[in-house]
Structures are given as C-alpha cells and as structure tokens.
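Q: Below are the structure tokens for one structure; questions will follow.
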Amino acid sequence: MTSFHTHRARVHDAALPPYRRHSALRTCLTRFAPYGLRATYHHLTVSARMPRFLEADPESLVRAVDELHEARELWRARAEEYAARRRVQKRAGRRRAPETAWWHQRWWGSPNAAWEHDPFLHPPLRLPDYVRRQHALLDGVELPGCPACGEQGPPVGIPTGHGRAELCRGCARVLTPCGCERWHSFEPSLRVGWSRTWRREHMTGTGEPSPHWPGVRGTARVERLESYTVDLESGVVRRDRDQ
Ligand SMILES: [Zn+2]
Ligand SMILES: [Zn+2]
C-alpha cells in the first residue's frame, strides 16, 4: 500500500504546517496501529515526546512516524512470509490456518480490547519491540509474563458480577478470563475524551507527560476498569456490577 509512504513523506515535509503533518500522521495510523488507532497514537505522543503545541517541536512528528514505520516494516515482512506459507498450506489441502496471526485478531472478543476503550492503556513497549514479541510468540517461542507486554507482576482481579477475570497490571490484557464462557469487555468507568487525547492535553509544552491530566495512570487505571457483558443478539451492553 503506497499511501502509508505518501503520508509518511508528508509528516517528514518541514515545509508543511505542523497541523498538516500531524493529520498525515493520523492517516498513517489508520493504515497501521498495533495497539489500535487511539492507543498507538497515545503511545507515540509519549515515546516521541510530542508537545502539547506542535510548533514547539514539529520534528517530534518525524520521530513518531518513523517508530511506526520501523514496526510496520517488521510486520510487512512477516505478513508476506505468513501469506506465502498459507498459500502452500492451502494447496496442500489445509484450509484453516494452524494459528491466527496477531494482526488478524479482531478487537471484538480480543483479550486486548481494553486498549480500544482507553487510549491510555497499552503495552509500554516501543512498537518495533511489541511487533518482535508478537512474532516470536507466533513462532512458538515461550516468553515469560504477559503475552502482550512481558509484565510479570501480580495480575489485577476485576469482578464480573458472578466471578472475576485477571488482567495484566501493565497493559490490561486479559490473562485469565472469567470462565463463564461469555466475553466480558473491560472498560473505564471514567472515560477520557478522545479529542483531549488527540490534542495532547496529557502532554506538557516540552513533551513530558502532564502531571495534571489524566490523574490516574498505570496499574491504578487498570484497577478502575469495569466489566461489561454484551448481549450478542440484542447488542445491549450491561455493566456486570449492576446485575
Ligand atoms: Zn501486559
Ligand atoms: Zn463471566
């Protein structure tokens, strides 16, 4: 897909106003975002030290898009290899993939779905390191800790009304599901507005995380997640605590 490269070139183009370069970064994120669009954007604001006002450091956009590009190149090489292997397997009569590649996993029902609901929750890894970790797991390498981020500390238990699930204290991935066979979605009780995140209200003028907003970060944020059950027939989402 050429459009990623076209928009990456725009991010690099110092002749463009920062807001145009910023919007080109967003387009790149619609093409590739390992943590989901919002959480990947949040990750890049912190890792590339994108200040609240881009004029203070427009080159932070280049750092952000280049980290994304580096991860995407790793993924592209691997996805091509995977697709070639699948073609051989299909010719040999194996219609179903022996394992689902991480990039084919949908958010719906995924153990990582909390990242979609709260952009502040995602692994702390640089994107290329996250992609390398996922590729190693796909190869069957046994890695200690949370599959997503490698965290080895005690998980955070979240009640589901009739049981509990255990989530990674680092990134909120579900490590041990509730066990009732239904899928629970873990979502923040206090939602952060995406527009505030997009405008980097969580960053200071010099590109450091703001001490003021949002007040709750890290494991304390995971601890405040609440469990919801989605009725697949009616589409009704219910907070498990209310049942
Ligand atoms: Zn984790
Ligand atoms: Zn349950």
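The values are calculated or read from the model by the stated rules, or taken from the named source; none is laboratory data. Just so you know, these numbers come straight off a predicted model, no measurement behind them. Every residue, glycine among them, receives a Cβ derived from its backbone with ideal geometry; neighbour counts consider all protein chains shown. Protein only, heavy atoms only, side chains kept; ligands, DNA and RNA dropped before computing areas. Shrake-Rupley method; radii C 1.70, N 1.55, O 1.52, S 1.80 Å.
Q: Within the stretch 5-25, is there a residue that is open to solvent by 70 Å² or more (accessible area, probe 1.4 Å) and either aliphatic (A, V, I, L, M) or part of a loop (DSSP other than H, G, I, E, B) (or both)?
A: Yes, the conditions are met somewhere in the stretch 5-25.
Q: Go over the candidates ARG196, ARG200 one by one and state the one that is open to solvent by less than 30 Å² (accessible area, probe 1.4 Å) and either within 16 Å of ligand 1 (Cβ to nearest atom) or not polar (S, T, N, Q) (or both).
A: It is ARG200.
Q: In addition: Could you tell me whether PRO111 is away from ligand 2 (no atom under 16 Å from the Cβ) and under 25 Å from HIS42 (Cβ atoms)?
A: Answer is no for this residue.
Q: Taking the stretch 210-243, which residues are assigned to a strand (DSSP E or B) and more than 18 Å from the chain's Cα centre (by Cα)?
A: Within the stretch 210-243, GLU226, SER227, TYR228, THR229, VAL230, VAL237, ARG238, ARG239 meet the criteria.
Q: Now for a different question. If you go through the stretch 151-192 one residue at a time, how many are more than 16 Å from ligand 1 (Cβ to nearest atom), assigned to a loop (DSSP other than H, G, I, E, B) and closer than 19 Å to PHE120 by Cα?
A: Residues that pass the stated criteria total 4.
Q: Still on this model: Just name the residue that is nearest to ligand 2 (Cβ to nearest atom) out of those in the stretch 154-175 that are surrounded by fewer than 18 Cβ atoms within 10 Å (Cβ to Cβ) and touching a residue at least 60 places away in the same chain (Cβ under 8 Å).
A: By that ranking, first place goes to HIS162.
Q: When you go through VAL141, VAL65 one by one, which is the residue that is without any contact (Cβ under 8 Å) to a residue 60 or more places away in the chain, part of a helix (DSSP H, G or I), farther than 28 Å from SER227 by Cα and not small (Gly, Ala, Ser)?
A: VAL65
Q: Taking the conditions exactly as written (buried (at least 21 other Cβ atoms within 10 Å of the Cβ), away from ligand 1 (no atom under 12 Å from the Cβ) and either assigned to a loop (DSSP other than H, G, I, E, B) or without any contact (Cβ under 8 Å) to a residue 12 or more places away in the chain (or both)), does CYS146 satisfy them or not?
A: Considered against the rule, which asks whether it is buried (at least 21 other Cβ atoms within 10 Å of the Cβ), away from ligand 1 (no atom under 12 Å from the Cβ) and either assigned to a loop (DSSP other than H, G, I, E, B) or without any contact (Cβ under 8 Å) to a residue 12 or more places away in the chain (or both), CYS146 comes out as no.
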